[in-house]
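Undergrad: Mind having a look at this structure? Questions to follow.
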Amino acid sequence: MGVRLLCRNEKGNVAVLFGLAIIPIVLGVGVAIDYGRALTVRSHMGDAADAAALAIGSWPGLSEAELKVKAQQFFTANYPPSELGSAGAINVSLSGDDIFVSVSGSVPTTFMKLANINSVDVGATTKVTKRERNIELALVLDTTGSMDSGGKMSAMQNAAKKMVQDLFKGKSTSDSLKISVVPFAAAVNVGSDKKNESWIDKNAKSDVAWEDFKSGVKVFDLYDDLKNRKWEGCVRERDGSAYELTDATPSSGDSLFAPYLAPDEPDDDHDDGDYYGNNYIDDGDCGTSQSWKRKPNACQRFTGKYDNATVNSSSKGPDLNCPPRAITPLTNNQGQVISAIEELQPKGNTVIPAGLLWGWRVLSPNEPFTGGKPYDDEKWVKAIVLLTDGENYVGGGNGNHNGSSYSAFGYASEDHLGNKSGSNATSTLNSKLATVCSNVKAKGIQIYTIGFQLNSSTTQNLLKNCATKPDMYYNSPSNEQLATVFSDIAQGLGELRIAQ
């Protein structure tokens, strides 16, 4: 019996020893779990502090106290009360170009309470250096006829001007900011002063330059023939995959930009009886007295009627659907940008890819506009703000042989729009827009898009996909909301400029 008791006592000793040993093991595992939670909380806290520092780093002209208020707002948005750990107030301090943001807090423990440790202190500190990258910005703005209704034009002008003033930070000129204004309708006006530039196809070297007439006809010669109209500055888009939807440098042949001349369309007394919307010169006998040769297509292509002719309507003519205002190239002068916005005038149909193409080309280091820095220059960031109030539209041409009204892509019947009918050409223009968006973003250019009181869900989706990120697309703001949209974009542009 004594032996059995001794054995039982030995078993009891082992159990006691095991019980004593398991306590530090459990505590050690618990400490690891609590510590892991603390590390997770600190990581989330650091991410929120980074976001706050980056945001306030792009906010100009605020005092240290004001920066602290803004930082707290951004931190709270990214680190809500539902997080595991509690956070104290944000601290902000400035030292030269450096902004320091710090925050501290605590994480309640679970297992470590066994050792009378109820919480673990955590914290995060981040620094942003305000070495601002320079910015090149193209404002690609819809100036089509529909912008003349409902106060949309003035709302756009006021909102855009306020953004420009904010970006210039009260200075008349800037060493770190250049802005271009690109008005667009069915074409883009590059400026009549560009007539003698080497990239203008003044000698009809490209197929596009003479396709509306006959081989060898020079558009500038036809303008010279007219008594009361001169070339306003619009150009046709180029043909071919190597040039059409690109910023390829124009050098010769099809790479050149043909001057824009919307042809005089046939008089209403032709054999087919169709209506033509841009009839501005009397066809006469179209070069022959034989009535059977007075066919609409032949009379439209007949160039003799331009000789010494007077354009008989201010609302029609060779510059139909051409924006009255030319591109303002990249400039660091605030006054020039403001004036360009104030002078915008609504006119014409909507061809969005033409506008975006020229927004790209003014930022490009290549001709025609060479003001843009090289794409790989890390000291500069390039961005486009694209606003439109309508879908791509060139009309159905009233059923006549052209198939559409005239635009930078010519007539629908000439196949640049992929269809013989202008009523079906919208889908082709939409496809071109999607391609241009991809090509622009491939160059590292940031794109903001605004569908301004836009009803077309197809165009809304195109603009959403065109924007660099989903939150850089703005869907159909009202006149009153547009100012807030442009202010938000100005803030986003400021964030793009910060080099962390």
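Undergrad: Considering only C-alpha atoms, what is the centroid distance from the range 380-439 to the range 175-212, in Å?
TA: A separation of 18 Å, based on Cα centres.
Undergrad: Another question, if that's okay. Just want the answer: with Cβ charges of +1 for Lys and Arg and -1 for Asp and Glu, which residue in Leu433, Gly396, Ala77 is farthest toward the dipole's positive end in the chain?
TA: Highest projection toward the positive end goes to Ala77.
Undergrad: Can you give the local net charge around Asn479? Use residues other than it whose beta-carbon is closer than 13 angstrom to its beta-carbon, Lys and Arg +1, Asp and Glu -1.
TA: Net charge in that neighbourhood comes out at -1.
Undergrad: From the helices alone, meaning DSSP H stretches of at least four residues, give me the mean residue ellipticity at 222 nm for the chain, per-run term -39500 (n - 2.57), in deg cm²/dmol to the nearest 500.
TA: -11500 deg cm²/dmol
Undergrad: Can you list the HN-Hα couplings for the range 85-93, worked out from phi with the Karplus curve (6.51, -1.76, 1.60; θ = phi - 60°), rounded to whole Hz and with x for Gly and Pro?
TA: Rounded to whole hertz, the list is x, 8, 10, x, 6, 6, 10, 10, 9.
Undergrad: How much length would be gained if the chain were fully extended between Lys205 and Thr484, taking 0.36 nm per residue of separation minus their Cα-Cα distance, in nm to one decimal?
TA: Full extension from Lys205 to Thr484 adds 95.7 nm.
Undergrad: Right, here's the next one. Does the chain come out rounded, prolate or oblate, given a ≥ b ≥ c as the square roots of the eigenvalues of its C-alpha gyration tensor, rounded meaning a/c under 1.5 and, failing that, prolate meaning a/b above b/c?
TA: In terms of gyration-tensor shape, prolate.
Undergrad: Ok, one more. What percent antiparallel are the DSSP beta bridges of the chain, to the nearest 5?
TA: Percentage antiparallel, nearest 5: 50.
Undergrad: Semi-axes, largest first, in whole Å: what does sqrt of 5 times each Cα gyration tensor eigenvalue give for the range 354-500?
TA: Three semi-axes, in Å: 31, 20, 11.
Undergrad: Continuing with this model, one more query. Using packing as a proxy for protection, rank 89-97, 42-50, 365-373 so that the peptide with the highest average count of other Cβ atoms within 10 Å comes first.
TA: On the way: 89-97: 13.7, 42-50: 19.4, 365-373: 17.7.
Peptide ranking by packing, descending: 42-50, 365-373, 89-97.
Undergrad: Compute the FRET efficiency between Asp285 and Ser427 as 1/(1 + (r/R0)^6), taking r as their Cβ-Cβ distance and R0 = 45 Å, and round to the nearest 0.05.
TA: E between Asp285 and Ser427, to the nearest 0.05, is 0.70.
Undergrad: While we're looking at this one, here's another question. Rounded, prolate or oblate: pick one for the range 219-336, where a ≥ b ≥ c are the square roots of the eigenvalues of its C-alpha gyration tensor, a/c under 1.5 means rounded, and failing that, prolate if a/b is larger than b/c, else oblate.
TA: prolate
Undergrad: Can you run phi through the Karplus equation (6.51, -1.76, 1.60; θ = phi - 60°) for the range 457-473 and list ³J(HN,Hα) in whole Hz, with x for Gly and Pro?
TA: 5, 4, 5, 4, 5, 4, 5, 4, 6, 6, 4, 4, 9, x, 7, 9, 10
Undergrad: Does the range 344-432 classify as rounded, prolate or oblate by the C-alpha gyration tensor (a ≥ b ≥ c root eigenvalues; a/c under 1.5 gives rounded; else a/b over b/c gives prolate, otherwise oblate)? Intermediate results must be reported in sequence, preceding the final value.
TA: Values: a/c = 2.89, a/b = 2.36, b/c = 1.22.
Prolate shape, in that a/c is at least 1.5 and a/b is the bigger ratio.
Undergrad: Okay, moving on. Specify which residue in the list Ser314, Trp380, Thr331 is farthest towards the positive end of the charge dipole of the range 311-399, using unit charges on the beta carbon of Lys, Arg (+1) and Asp, Glu (-1), about the Cα centre.
TA: Ser314
Undergrad: Run the quick spin-label model on Asp377 and Arg301: label points 7 Å from Cα toward the beta carbon, then report their separation in nm to one decimal.
TA: 4.7
Undergrad: While we're here: Which values, in whole Å and largest first, are the semi-axes of the equivalent ellipsoid of the range 148-277 obtained as the square root of 5 times each eigenvalue of the Cα gyration tensor?
TA: Computed over the range 148-277, the values are 35, 23, 14 Å.
Undergrad: Taking the dipole about the Cα centre of the range 163-285, with the C-beta of Lys and Arg at +1 and of Asp and Glu at -1, give me whichever of Ala262, Asn196, Ala209 is farthest to the positive side.
TA: Going by the charge dipole, the pick is Asn196.
Undergrad: Give Lys70/Lys178; Lys227/Lys432; Lys162/Lys441; Lys194/Lys469; Lys152/Lys379 a once-over and call out the pairs whose C-alpha atoms are over 30 Å from each other.
TA: Lys227/Lys432; Lys194/Lys469; Lys152/Lys379
Undergrad: Let me ask something else about it. May I ask which of Lys171/Lys382; Lys195/Lys230; Lys347/Lys420; Lys218/Lys305; Lys214/Lys295 have a Cα-Cα span longer than 19 Å here?
TA: From Lys171/Lys382; Lys195/Lys230; Lys347/Lys420; Lys218/Lys305; Lys214/Lys295, over 19 Å: Lys171/Lys382; Lys347/Lys420.
Quick note: the coordinates plus some simple rules give every number you see, no bench work behind them. All values reported here derive from a predicted model rather than from experimental measurement. Glycine gets a Cβ as well: all are built from the backbone with ideal geometry, and neighbour counts include every protein chain shown.
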